[in-house]
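Undergrad: My structure is below; once you've seen it, I'll send some questions.
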Amino acid sequence: MTDKELRNELWTGAIPIRLTLVDNEIATMSPPEQMYVMAPRMGYLQTLATQAYEHFQEFLPPGDTRFWLDYEGLPLKWSIPTGVLYDLLAKKRDLPWELTVHFRTFPDEVLLKCNDSQTVRAHFYNSLKEAMYIMYGSAGSVMQLSQQVQTQLWKSIEDGMDMETYDTSTSTLPSSTTQPNKSIRAVPVRMYLMGDKRVASDDPQVGFASMSMTWDHIVCSSRPVPSVDAVNGCGSLGNLLQKVLPELFAAEEKETNEVNVSVSQVPSSMDADTLADAIRTHLSVTSVEGMVLDTARGTASMTVKSMHRSRDEICQQISEGACELELATCKLLLESPVVEQTLVSQAEVWIQGMQLPLSTPLEWLCTNLRHPDCFVHLIVRMPCRLL
Amino acid sequence: METDGTLLGPSTFEECCALFAEAWENTNAGDGSVWSWLTPSRRNGEEHLAAGFLVLERFPIFSSQTDGANRDESLSWEREQEGLLEEYPPLSSRTLQEDSAVDALAASAHDPQRSLKFLDLHIVYSPSYRVPVLYLRCYRSDGKELSWDDFDGILPSKQEKKSQTLETFMSQEEHPHLRRPWFAIHPCQTAELLCLMHQQAEGNFTNNAQELLSTSCPQSSYISSHKTAVGNRRSTLLRYMLGWFSVVGAAVGVKLPLEVFRQI
């Protein structure tokens, strides 16, 4: 599957949902029929409000209505895209996803107030601005969109994910697909860490049903993540998680003494053996392996190993600016360290409904798996004790 | 700002908050109410937040009646510096009968012209924007919190620009530390605004402010250029905070007294 096909898939992805009106809001003798709907993964549940109201209207008691949904008693935050909510909360990924509709007793202490889809629209634009700020250092490009374009852009999401209209409306943004490779400062990541009570208990006596989820079991955060930061190791999904939550990884990770090193500005006269010798001496390492020398580009890459120094020590030496080789002005660059990464059991990482290899580069995630608000929504489900 | 030359890092933010709270207290800007630094425990996955946030609680403000009909524009949300609190006799000495039964408690400090309200203000660090963000809630003297609809139309910044909707600068957001819905002033233009203010303050006056705002601003310039001397750093950070608060505070009707700027 090409990246383009993947993007198409994501934009057309939807989740079948069955909506049931909450018992205590049924004012008629016979209960209403349940409502079935295909909800776009990258859309927002709040946009179902009108449709749901029309469906359930005649069964409701008179009075003001404020639409909200719950899943097994947990009020759903309307600001989180539908697919993210599903990946985060639906246990056993059951379909259709069973949600309960409410039009009364809006839980103000948990949910942000939401009047109508205009509130969701405002939230969407705030997210988009935040993402743009993280990526390019300014949200100006979003604020310069005309009212007409802003309306059109929001419509493309509200009315069921119209990728073509979205692309047209966002063509002036630096993130636009027509301006590929515009370098970004950082990847906007919205992270949801969920300590799952349902998998956490070591005590088999504790019943499954007795454990209800609350938002206190979930840490939601938005953050800029450096896309290239070899020294701190932020290049891949695994590196990011390692930094945020080291406990997420199995303890068997062994002390490694290998570092991948890239060299640029290699003089064309340089041969592999001389370069290897120079690097071995310079970094005081035991061996240099897997040398790939490209004299045309003046680059080389290799793996260095040391018997008596750790990876961190070697990395530190390089990061301290000790990067001028005696033979020539060569620049040493550390590649993202390749560390064997294994998640602890029962931990899962989900993006766009998929579990991806931990070696996936963040920049690729940002280009291909981001939501219309330009954030990468990243879910980590893990045993409760890790939260 | 620590590493890559953009705005505040979380620890500089903490430093800024301490300086701001000190200057506020030294000049008695809050008539006795002071800012305190709260450090709730951070959970896993919250390591990117600052270690804490700055809190000012139960800050009294006076506003005109909220239904726009007979609003006294000159008084609305204008916090008067002296004496107003004293004008209000203790609650016990007031008669409640004259107020409607339903709204008796809420109206106990209610005057046809002005009503007493309280603000809780939190200054919270935004990792995305790398600037301080003002979170707030407002409640009446009976403790009832003002809703979004109550806010709409009574903020001073709203009154000045009637065409501007509340949404353009304020929204309900989840408080990063408390994880509950709060109101927040949008941080999306804070960096540009401060950049503009400080460029002017340093004499690099740009005639075409519009141009400055639309192009990306060399955000590092003013803080990093002052890194050298400790005193300079202190005044730079304090000027940054006071400049910031003079704008966002005014948007919710909390004004800084002039003396506080002498602390720079």
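One line per residue, one yes/no per condition, for (1) within 14 Å of chain B (Cβ to nearest Cβ); (2) modelled with pLDDT of 65 or more; (3) within 19 Å of A:Ile379 (Cβ to Cβ):
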site	(1), (2), (3)
A:Val206	no, no, no
A:Thr214	yes, yes, yes
A:Cys220	yes, yes, yes
A:Asn232	yes, no, no
A:Gly238	no, yes, yes
A:Glu255	no, no, no
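Undergrad: Something else about it: Given the conditions (1) part of a loop (DSSP other than H, G, I, E, B); (2) at pLDDT 75 or above; (3) open to solvent by 10 Å² or more (accessible area, probe 1.4 Å), which single one is not true for A:Val339?
TA: Every listed condition holds for A:Val339 apart from (2).
Undergrad: Starting from region A:267-283, take each residue that is assigned by TED's automatic domain parsing to the domain that holds A:Arg297 and open to solvent by less than 70 Å² (accessible area, probe 1.4 Å) and list its partners that are part of a helix (DSSP H, G or I) and aliphatic (A, V, I, L, M), counting only C-beta distances under 8 angstrom and pairs at least six apart or across chains.
TA: Here the result reads A:Leu283/A:Ile314; A:Leu283/A:Ile318, each pair linking region A:267-283 to a residue that is part of a helix (DSSP H, G or I) and aliphatic (A, V, I, L, M).
Undergrad: Just give me the residues in region A:87-100 being open to solvent by 10 Å² or more (accessible area, probe 1.4 Å) and either within 13 Å of chain B (Cβ to nearest Cβ) or in contact (Cβ under 8 Å) with a residue 12 or more places away in the chain (or both), in sequence order. Explain how you work it out, then say what you get.
TA: Residues of region A:87-100 that are open to solvent by 10 Å² or more (accessible area, probe 1.4 Å), as a first pass: A:91-96, A:98, A:100.
Within region A:87-100, A:Lys91, A:Leu95, A:Pro96, A:Glu98, A:Thr100 meet the criteria.
Undergrad: Just name the residue that is modelled with the lowest pLDDT out of those in region A:342-369 that are within 14 Å of chain B (Cβ to nearest Cβ) and more than 16 Å from A:Val189 (Cα to Cα). Full working, then the answer.
TA: Our first condition is that a residue be within 14 Å of chain B (Cβ to nearest Cβ); within region A:342-369, this holds for A:344, A:347, A:349.
When the remaining residues are screened for being more than 16 Å from A:Val189 (Cα to Cα), the result is A:344, A:347.
Details: A:Val344: 79, A:Ala347: 83.
Only one residue tops the list, namely A:Val344.
Undergrad: Open to solvent by less than 20 Å² (accessible area, probe 1.4 Å), assigned to a strand (DSSP E or B) and touching an Asp or Glu at 6+ places or on another chain (Cβ under 8 Å): is that true of A:Leu69 in this structure? It would help to see each step written out before you state the result.
TA: Working: open to solvent by less than 20 Å² (accessible area, probe 1.4 Å): yes; assigned to a strand (DSSP E or B): yes; touching an Asp or Glu at 6+ places or on another chain (Cβ under 8 Å): no.
Against the criterion (open to solvent by less than 20 Å² (accessible area, probe 1.4 Å), assigned to a strand (DSSP E or B) and touching an Asp or Glu at 6+ places or on another chain (Cβ under 8 Å)), A:Leu69 does not qualify.
Undergrad: Any chance region A:165-183 includes a residue that's open to solvent by 10 Å² or more (accessible area, probe 1.4 Å) and within 24 Å of A:Trp215 (Cα to Cα)?
TA: No - not one qualifying residue is present in region A:165-183.
Undergrad: Going residue by residue through region A:56-64, is there one that turns out to be over 27 Å from A:Gln147 (Cα atoms), open to solvent by 10 Å² or more (accessible area, probe 1.4 Å), within 14 Å of chain B (Cβ to nearest Cβ) and assigned to a loop (DSSP other than H, G, I, E, B)? Talk me through it step by step, then tell me what you get.
TA: Here is the first cut: in region A:56-64, the residues over 27 Å from A:Gln147 (Cα atoms) are A:56-64.
If we keep only those that are open to solvent by 10 Å² or more (accessible area, probe 1.4 Å) as well, we get A:57-64.
With the extra rule that they be within 14 Å of chain B (Cβ to nearest Cβ), the set shrinks to A:64.
Narrowing the set further to residues that are assigned to a loop (DSSP other than H, G, I, E, B) leaves A:64.
Yes.
Undergrad: So, one more: Can A:Thr105 be described as outside the structural domain of A:Tyr125 (by TED's automatic domain parsing), under 30 Å from A:Arg7 (Cβ atoms) and not in a strand (DSSP E or B)? Walk me through it before giving the result.
TA: Details: outside the structural domain of A:Tyr125 (by TED's automatic domain parsing): yes; under 30 Å from A:Arg7 (Cβ atoms): no; not in a strand (DSSP E or B): yes.
So A:Thr105 fails the test.
Undergrad: Additional query: When the residues of region A:101-154 are filtered to those that are buried (at least 21 other Cβ atoms within 10 Å of the Cβ) and basic (Lys, Arg), which remaining residue is nearest to the other protein chains (Cβ to nearest Cβ)?
TA: Within region A:101-154, the match that is nearest to the other protein chains (Cβ to nearest Cβ) is A:Lys129.
Undergrad: Among the numbered conditions (1) open to solvent by 70 Å² or more (accessible area, probe 1.4 Å); (2) more than 14 Å from every other protein chain (Cβ to nearest Cβ); (3) at pLDDT 50 or above, tell me where B:Ser36 comes up short.
TA: So B:Ser36 meets the others, but not (1).
Matching residues to (1) within 22 Å of the chain's Cα centre (by Cα); (2) in a helix (DSSP H, G or I); (3) modelled with pLDDT under 50:
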| site | (1), (2), (3) |
| --- | --- |
| B:Thr206 | no, no, yes |
| B:Gln210 | no, yes, yes |
| B:Lys227 | no, no, yes |
| B:Gly231 | no, yes, no |
| B:Leu237 | yes, yes, no |
| B:Tyr240 | yes, yes, no |
| B:Val247 | yes, yes, no |
| B:Lys255 | yes, no, no |
| B:Val260 | yes, yes, no |
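Undergrad: Moving on. Scan region A:367-385 for residues that are outside any strand (DSSP E or B) and either in the same structural domain as A:Lys91 (by TED's automatic domain parsing) or under 22 Å from A:Leu343 (Cα atoms) (or both) and report the count.
TA: We begin by selecting, within region A:367-385, every residue outside any strand (DSSP E or B); these are A:367-375, A:384-385.
With either in the same structural domain as A:Lys91 (by TED's automatic domain parsing) or under 22 Å from A:Leu343 (Cα atoms) (or both) added as a condition, the list becomes A:369, A:384-385.
Here the count works out to 3.
Undergrad: Then there is this: Taking the residues in region B:14-28 that are open to solvent by 10 Å² or more (accessible area, probe 1.4 Å) and in a helix (DSSP H, G or I) as candidates, determine which candidate is nearest to B:Arg262 (Cα to Cα).
TA: Within region B:14-28, the subset open to solvent by 10 Å² or more (accessible area, probe 1.4 Å) is B:14-15, B:18-19, B:21-22, B:25-28.
Pick out the ones that are also in a helix (DSSP H, G or I) and you get B:14-15, B:18-19, B:21-22, B:25-26.
Numbers: B:Glu14: 21, B:Glu15: 19, B:Ala18: 17, B:Leu19: 13, B:Ala21: 14, B:Glu22: 13, B:Glu25: 13, B:Asn26: 11 Å.
My answer is B:Asn26.
Undergrad: Among the numbered criteria (1) modelled with pLDDT of 85 or more; (2) touching a strand residue (DSSP E or B) at 6+ places or on another chain (Cβ under 8 Å), which one does A:Pro372 miss?
TA: Going through (1) modelled with pLDDT of 85 or more; (2) touching a strand residue (DSSP E or B) at 6+ places or on another chain (Cβ under 8 Å) one by one, A:Pro372 breaks only (2).
The values are calculated or read from the model by the stated rules, or taken from the named source; none is laboratory data. None of the values given here were measured: they were computed from a predicted structure. Reconstructed Cβ throughout: ideal geometry from the backbone, glycine too, with neighbour counts over all protein chains shown. Please note that ligands, DNA and RNA were not included when accessible areas were found on the heavy atoms of the full protein model with its side chains. Shrake-Rupley method; radii C 1.70, N 1.55, O 1.52, S 1.80 Å.
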